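Asks: Input: one structure, supplied below.
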Amino acid sequence: MQEVNTYLAGALKQARKEKDLSLDKAAKATGVSKAMLGQIERGESSPTLATLWKIASGLNLSMSGLLGPALNGPPTVFRNADALREQPTQDRMLVATLFPFNPALGFEMFELTLLPGYERYSDPHEPGVIEHVIVTAGDVEIYADGQWQALSKGDAIRFAADTPHGYRNMSTAPGVFHNLIHYPQD
Ligand code: MN
């Protein structure tokens, strides 16, 4: 958790610098308070996933870009979810960034584990963002198009993520799925 926060602090500072944004302007763009942004940059605060998404959407960044380094280099790469899985925020959710966002490919791909009882509504992402959810273990529910859909191992759903959507696990065992988030090309 500490490592992720350190990375996040640097990534946020770097993004503000590249976009030439003051803390004030970044706060307006993201809806996250100036005080909170400052705390994150100093590694003094462990934000929720909802806050991370506000930052990502508001500054036009991918989620993976806030959590860890990009994968530059040749297309062929071996990754292992067990080695990558972490709890990056206080949310009851584990994240393995299998493939960080790559601008040429236009997507990032995670393995997400919802611990029992986890429920989160997500603000709409940027226009044109589409999510794919493929369940690999347990039971999860996805809120899309105004309703909760129950999914079990082997089930998959694709939905427009530029509208309100959500993720929850009402069962007593972890629910695991792959989440491929496609961003429209600029
Ligand atoms: Mn989402």
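The values are calculated or read from the model by the stated rules, or taken from the named source; none is laboratory data. These numbers come from a predicted model, not from an experiment. No Cβ is skipped: glycine too gets one built from the backbone with ideal geometry, and neighbour counts run over all protein chains shown. Side chains are part of the model used for accessible areas, which takes the heavy atoms of the whole protein and leaves out ligands, DNA and RNA. Shrake-Rupley method; radii C 1.70, N 1.55, O 1.52, S 1.80 Å.
Asks: Report, by residue number, each residue of the range 148-186 that is within 16 Å of the ligand (Cβ to nearest atom) and more than 28 Å from Ala104 (Cβ to Cβ). Talk me through it step by step, then tell me what you get.
Replies: Going residue by residue through the range 148-186, those that are within 16 Å of the ligand (Cβ to nearest atom) are 148-149, 151, 156-169, 175, 177-184.
Residues satisfying the conditions are Trp148, Gln149, Leu151, Pro164, Gly166, Arg168, Asn169, Gly175.
Asks: Being away from the ligand (no atom under 16 Å from the Cβ), of a type in the set (D, E, K, R) and either under 29 Å from Gly175 (Cα atoms) or touching a helix residue (DSSP H, G or I) at 6+ places or on another chain (Cβ under 6 Å) (or both) is the requirement here; does Asp123 meet it? Let's see the steps before the verdict.
Replies: On the way: away from the ligand (no atom under 16 Å from the Cβ): no; of a type in the set (D, E, K, R): yes; either under 29 Å from Gly175 (Cα atoms) or touching a helix residue (DSSP H, G or I) at 6+ places or on another chain (Cβ under 6 Å) (or both): yes.
Against the criterion (away from the ligand (no atom under 16 Å from the Cβ), of a type in the set (D, E, K, R) and either under 29 Å from Gly175 (Cα atoms) or touching a helix residue (DSSP H, G or I) at 6+ places or on another chain (Cβ under 6 Å) (or both)), Asp123 does not qualify.
Asks: Go through the range 122-136 and give me each residue that's open to solvent by 40 Å² or more (accessible area, probe 1.4 Å) and at pLDDT 95 or above.
Replies: Correct list: Ile130, His132, Ile134, Thr136.
Asks: Any residue at all in the range 108-116 that is of a type outside the set (S, T, N, Q), more than 15 Å from the chain's Cα centre (by Cα) and away from the ligand (no atom under 14 Å from the Cβ)?
Replies: The initial filter retains those residues of the range 108-116 that are of a type outside the set (S, T, N, Q), namely 108-112, 114-116.
Now restrict to residues that are more than 15 Å from the chain's Cα centre (by Cα): 115-116.
This time we only want the ones that are away from the ligand (no atom under 14 Å from the Cβ), so: 115-116.
Yes, the conditions are met somewhere in the range 108-116.
Asks: Can you pull out the residues in the range 145-169 that are part of a strand (DSSP E or B), open to solvent by less than 50 Å² (accessible area, probe 1.4 Å) and among the hydrophobic types (A, V, I, L, M, F, W, C)?
Replies: Passing the criteria: Leu151, Ile157, Phe159, Ala160.
Asks: Something else about it: Could you please tell me which pairs satisfy a Cβ distance under 6 Å, a separation of 6+ or placement on different chains, a first residue in the range 137-151 that is over 16 Å from Pro124 (Cβ atoms), and a second residue that is outside any strand (DSSP E or B) and open to solvent by less than 30 Å² (accessible area, probe 1.4 Å)?
Replies: Final answer for the pair search is Val140/Asn169.
Asks: When you look at Glu141, is it out of contact with any Gly (no Cβ under 6 Å at 6 or more places or on another chain), in a loop (DSSP other than H, G, I, E, B) and either within 16 Å of the ligand (Cβ to nearest atom) or under 18 Å from Ser64 (Cα atoms) (or both), yes or no? Lay out the reasoning, then the answer.
Replies: On the way: out of contact with any Gly (no Cβ under 6 Å at 6 or more places or on another chain): yes; in a loop (DSSP other than H, G, I, E, B): no; either within 16 Å of the ligand (Cβ to nearest atom) or under 18 Å from Ser64 (Cα atoms) (or both): yes.
Here the answer is no, as Glu141 does not meet what is asked.
Asks: Here's another thing I want to ask about it. Restricting attention to the range 87-107, does a residue exist that is among the polar types (S, T, N, Q), surrounded by 19 or more Cβ atoms within 10 Å (Cβ to Cβ) and either in a helix (DSSP H, G or I) or within 17 Å of the chain's Cα centre (by Cα) (or both)?
Replies: Start the filter on the range 87-107 by keeping residues that are among the polar types (S, T, N, Q), which leaves 87, 89-90, 97, 102.
Checking the rest, the ones that are also surrounded by 19 or more Cβ atoms within 10 Å (Cβ to Cβ) come to 89, 97.
Add one more test, that the residue is either in a helix (DSSP H, G or I) or within 17 Å of the chain's Cα centre (by Cα) (or both), and what stays is 89, 97.
Yes, some residue in the range 87-107 is among the polar types (S, T, N, Q), surrounded by 19 or more Cβ atoms within 10 Å (Cβ to Cβ) and either in a helix (DSSP H, G or I) or within 17 Å of the chain's Cα centre (by Cα) (or both).
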